[in-house]
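Worksheet: the structure to be examined is printed underneath.
The values are calculated or read from the model by the stated rules, or taken from the named source; none is laboratory data. For clarity, every value in this text was computed on a predicted model and none was experimentally measured. Cβ placement follows ideal geometry from the backbone for every residue including glycine, while neighbour counts extend to all protein chains displayed. Just the protein is used for accessible areas: all its heavy atoms, side chains included, with ligands, DNA and RNA removed. Shrake-Rupley method; radii C 1.70, N 1.55, O 1.52, S 1.80 Å.
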Amino acid sequence: MNAQYPVARPRRLRRTAAMRRMVAGTRLHPAELILPMFVKEGIGEPQPVGSMPGVVQHTRESLRKAAHEAAEAGVGGIMLFGIPAHKDARGSGADDPDGIVQVALRDLASDLGDALVLMTDTCLDEYTDHGHCGLLTADGEVDNDATLERYASAAVAQAAAGSRMIAPSGMMDGQVGAIRAALDANGFAEIPILAYAAKYASGFYGPFRDAAECAPQFGDRSAYQQDPAGPIGEALREVRLDLAEGADAVMVKPALAYLDILRQVRDTVEVPVAAYQVSGEYAMVEAAAANGWIDRERVIMESLIAIRRAGADMILTYWATEVARGLS
């Protein structure tokens, strides 16, 4: 039998900050945080993202400075997204050795070495003129299998330029297997894959599409990203398929609206699990804080603790450097 009130008084362990700190069951560490970053070709100064206060499209030089600051703060990794000056139907910039992400990777690899993990988003939406995550058929459908070849080529280009973790985000069937085979065949068997395994067709992505300039020119991504109201178990099926194809870690995206999915994934797999605190989550907090409606720092930490408590080993967040500095 457990003791009852008045013998049992749970408040005893909450009375002081030192007591709460000592018994805390959920902790954050800077190395668990991953900073998403945007680098744009052909700009002379960093360009603020209007819907994401504090986030910019970087130049090569400002990217190097911000990445150095993240490393100094103890951030575990950065996830790099590129915005090319020219886009076309096949997303040619994704695997161009002189494309913006590959050039930026060489900069960062030279500057930082292994001070943090250089990670790259492997998709086509930032590079295609139609804004979809893959090649299109004549009738405007995303061609799953033809797209796999482009992902594989992009992954090899990124690894050759210095990426230390490939993160396919397009939600194409078979993408992890195609990338794993290509990396292995080209001498990059040591490069791990972080699969966007459970990525939902979410309304929380809007500000990201401003930052990455990748809004679809027609339709949406519901035919390849998961339905928020989809079948129970679909996320776990996607995760299992990615692991069977060779994923080394898996991701749930978005984070806060899908903490139940995150918990299910964490309880099911034996590999690291990441969660992406996406642009809409960031923008809502910043907007509410700017209006004086919430305590910004407190809400940021509370949201990250919630994601960590639900089971995330790694959290992608636009506050990574700021939070890492505070934790340090």
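Below, the figures for the structure above:
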item	result
Extreme residue, surrounded by the most Cβ atoms within 10 Å (Cβ to Cβ), among residues of region 114-126 that are out of contact with any Cys (no Cβ under 8 Å at 6 or more places or on another chain) and either aromatic (F, W, Y) or more than 18 Å from P30 (Cβ to Cβ) (or both)	T122
Answer residue from region 25-35, given it is out of contact with any Asp or Glu (no Cβ under 8 Å at 6 or more places or on another chain), open to solvent by less than 70 Å² (accessible area, probe 1.4 Å) and not hydrophobic (A, V, I, L, M, F, W, C) and is nearest to G82 (Cα to Cα) among those	P30
Residues located in region 181-200, provided they are outside any loop (DSSP other than H, G, I, E, B) and in contact with a strand residue (DSSP E or B) (Cβ under 6 Å, 6 or more places away or on another chain)	I193, L194, A195, Y196, A197, A198, K199, Y200
Tally, over region 151-180, of residues that are touching a Gly at 6+ places or on another chain (Cβ under 8 Å), in a helix (DSSP H, G or I) and open to solvent by 10 Å² or more (accessible area, probe 1.4 Å)	3
Answer residue from region 183-210, given it is open to solvent by less than 20 Å² (accessible area, probe 1.4 Å) and over 16 Å from D125 (Cβ atoms) and is farthest from the chain's Cα centre (by Cα) among those	L183
A229 vs. criteria open to solvent by 70 Å² or more (accessible area, probe 1.4 Å), of a type in the set (G, A, S) and over 18 Å from Q175 (Cα atoms)	yes
Members of region 23-60 found to be of a type in the set (A, V, I, L, M, F, W, C) and in contact with a Pro (Cβ under 9 Å, 6 or more places away or on another chain), listed by number	V49, M52, V55, V56
Long-range neighbours under 7 Å by Cβ, at least six apart or interchain, first residue under 20 Å from V176 (Cα atoms) within region 244-264, second of a type in the set (D, E) and surrounded by 24 or more Cβ atoms within 10 Å (Cβ to Cβ)	V250/D242
Any hit, region 63-74, residues being touching a strand residue (DSSP E or B) at 6+ places or on another chain (Cβ under 7 Å) and surrounded by fewer than 23 Cβ atoms within 10 Å (Cβ to Cβ)	yes
E45, sole failed condition from (1) in contact (Cβ under 8 Å) with a residue 12 or more places away in the chain; (2) touching a strand residue (DSSP E or B) at 6+ places or on another chain (Cβ under 7 Å); (3) open to solvent by 40 Å² or more (accessible area, probe 1.4 Å)	(2)
Positions within region 301-313 being at negative phi and open to solvent by less than 40 Å² (accessible area, probe 1.4 Å), in sequence order	S303, L304, A306, I307, A310, A312
Any hit, region 127-138, residues being in contact (Cβ under 8 Å) with a residue 24 or more places away in the chain, open to solvent by 20 Å² or more (accessible area, probe 1.4 Å), touching a strand residue (DSSP E or B) at 6+ places or on another chain (Cβ under 6 Å) and part of a loop (DSSP other than H, G, I, E, B)	yes
When residues of region 283-300 are limited to those that are in contact with a helix residue (DSSP H, G or I) (Cβ under 7 Å, 6 or more places away or on another chain) and touching a residue at least 12 places away in the same chain (Cβ under 8 Å), the one most open to solvent (accessible area, probe 1.4 Å)	V299
